[in-house]
Amino acid sequence: MQTATDLRNLLTRIDRKSYPAYKDTRGSYQFPGYILSIDHVQGDPFAAPSKLSIHVSGKSAAFPQSLYQTPCQRIALQDELTRGFGRQAQQASHQAKGSGHSGLISVSRCGQEVLERTACSLNPETGDLLLRLEVGFPANGRTINARELEKILFELLPRCVQGSLFYKNLNPKRLQEVADLAEDQQFIREALPKLGLCAFVANGSLLPRASGVSPLPMKGGVAFQSPKELEVTLELPHKGKLTGMGIPKGITLIVGGGYHGKSTLLEALELGVYNHIAGDGREYVITDQTAMKIRAEDGRSIQRTDISMFINHLPNGKDTKAFVTEDASGSTSQAANVVESMEAGASLLLIDEDTSATNFMIRDELMQRVIHRDMEPITPFIDRIRELYERYGVSTILVAGSSGAYFQMADHIIQMDRYIPKEITALAKKEAAAFSKGSPALEPALAPNFQRCPKASPEFRGGERIKMKTLGRDGVSINRETIDLRYVEQLADSEQATALGYCLAYAQKHLLDGKKELRQVVEQLEALMDKQTLAALCESPSNVAALARPRRQELFACFNRYRGLKL
């Protein structure tokens, strides 16, 4: 272990040398109260910034164990510390000058969701704290400007660390509120199945967002108010009594006119699989952790998926029990999405009529008279929705604005009226009784076969470096293959997409042997992240990428959209 003085002396020696001399700074240095590690040094001032980490012992950080005694509290505290350091870093960034990325000080940017990240980790046993950040090492052209780096490491960075990573310098009330909110949110999440619910939306929640591209709450938006028929009151550990709308398991239909808030409610439920920060407006919108948003996805690849529950007897004779295509239609892709969600363990499907394939969702009476069932290879979702719940325990929340076909199938029908929900089940059922009940009930489908055992691709077997690039939340590119994640709509952060890329690369190198089922591969990846943290996905401990943990469901979605998957 070297000292801060050693680092200062080294910087003096390399000042004004060629940029590669910065490589000599790699190592760990003892600063007052923490250890600074320079883990990876950029090749030139225009390359990706250098990677540093701050290590604070549990004794020095001194966060009370009550703030992180449960996993949800620990993740919330890590999230809060990352945000706090980010605010400090934003003020300090680029105060040191130079070319390229010189003077940059940055850490992962957190959104409205609370996610586990590699940016900050706290050891639950010792209280030791690790924060990873990026710094642009200053240069004039491609000549080292060590004086500016000295300013960053000995003046700006210590100020950021002291102002964000030591309990004595932080607001204890604020930190306690963060821990309490996380515990209350977890309480609701665990209470849902006991109460027979698949989602909960608290009264007073603010669901509308500021704009279509902003995740912030809309100023002056309509506060949510549950219909009395669906009202549930919970006694939370810290907040106390909280009343809101409980959506029961089964089949729930959300209807209403355009622009009245149907999709806004569904979007809040989609992201209710994550906890949200205080002030977001959706802190107490909690959805079944396994919920999956389902939609049509024209053009996606499908790899040996059993879609026979919905599609059979294709004119071209293709086997739908192990269906393969590189260019799926809307109905075929949606059928695959449903079955793959079942494989991933989803117990709730979220569907919006607007993004669904019509011929997958319904076939009206006139069409059934003209095109008989034995001439149509597609069994529409409406004919399986009840079977999914009663046989497999998979509930559905469906937004519909133009078709009343699902009224007779629904257990509960909610009308959105100017962003206020109304329970109209009895009224809708009465009106639906005047219409035909549709086609006769079908025989139950055979349970889908999930026995798919992927094999590693030859290109991953050698020791060659894997090239990876994240395309925001839209996808991730591995070597020459791009995995399209645009329609995996519950990805909340680009760092989750990066993590999915690392999961796939890790699986290719260490897990895919043609013997393990995909479900087993995903389970092993989750076990790795549980035991060794997200950083274990990265091959080099000194070059850990900025990752946020994805759910099990998104892991399956990534594998299923990878065209290079060998099955």
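The values are calculated or read from the model by the stated rules, or taken from the named source; none is laboratory data. Values in this document were obtained by computation on a predicted structure and should not be read as measured data. Here the Cβ is made from the backbone with ideal geometry for all residues, glycine too, and neighbour counts use every protein chain on show.
Return the only residue of G127, G111 being within 28 Å of the chain's Cα centre (by Cα), of a type in the set (G, A, S), crowded, with 16+ Cβ neighbours inside 10 Å and over 30 Å from T25 (Cα atoms).
Numbers: G127 fails: over 30 Å from T25 (Cα atoms).
Just a single option satisfies the conditions, and that option is G111.
Just one of A47, A4, A21 is aliphatic (A, V, I, L, M) and farther than 26 Å from C120 by Cα; which is it? Steps first, answer last, please.
Numbers: A47 fails: farther than 26 Å from C120 by Cα; A4 fails: farther than 26 Å from C120 by Cα.
Criteria check complete, one pass: A21.
Could you pull out the residue among G33, G98 that is in contact with a Pro (Cβ under 6 Å, 6 or more places away or on another chain) and either buried (at least 20 other Cβ atoms within 10 Å of the Cβ) or touching a residue at least 24 places away in the same chain (Cβ under 8 Å) (or both)?
Details: G33 fails: in contact with a Pro (Cβ under 6 Å, 6 or more places away or on another chain).
Criteria check complete, one pass: G98.
Could you tell me whether G221 is outside the structural domain of Q112 (by TED's automatic domain parsing) and among the small types (G, A, S)? Steps first, answer last, please.
Working: outside the structural domain of Q112 (by TED's automatic domain parsing): yes; among the small types (G, A, S): yes.
In short, yes.
Mind checking whether some residue in the range 38-49 is among the aromatic types (F, W, Y) and assigned to a loop (DSSP other than H, G, I, E, B)? Before you say what the answer is, go through the steps one by one.
Initial filter on the range 38-49 (among the aromatic types (F, W, Y)): 46.
Filter once more, so that each one left must be assigned to a loop (DSSP other than H, G, I, E, B): 46.
Among the residues of the range 38-49, at least one is among the aromatic types (F, W, Y) and assigned to a loop (DSSP other than H, G, I, E, B), which makes the answer yes.
Collect the residues in the range 163-180 that are within 25 Å of the chain's Cα centre (by Cα) and either of a type in the set (G, A, S) or surrounded by 17 or more Cβ atoms within 10 Å (Cβ to Cβ) (or both), keeping them in residue-number order.
Within the range 163-180, L175, V178, A179, D180 qualify.
Taking the range 489-525 on its own, how many of its residues are farther than 19 Å from A546 by Cβ and either basic (K, R) or buried (at least 17 other Cβ atoms within 10 Å of the Cβ) (or both)?
13
Of all strands (runs of 3 or more DSSP E) completely enclosed by the range 203-267, which ones contain at least 1 residues that are more than 22 Å from the chain's Cα centre (by Cα)?
Values: elements: 209-211, 214-217, 231-236, 240-248, 251-255.
Ranges flagged: 231-236, 240-248, 251-255.
Of the residues A96, A76, A21, A89, only one is farther than 27 Å from E495 by Cβ, in the same structural domain as V161 (by TED's automatic domain parsing) and among the aliphatic types (A, V, I, L, M); which?
Working: A96 fails: farther than 27 Å from E495 by Cβ; A76 fails: farther than 27 Å from E495 by Cβ; A89 fails: farther than 27 Å from E495 by Cβ.
Exactly one residue qualifies, and that residue is A21.
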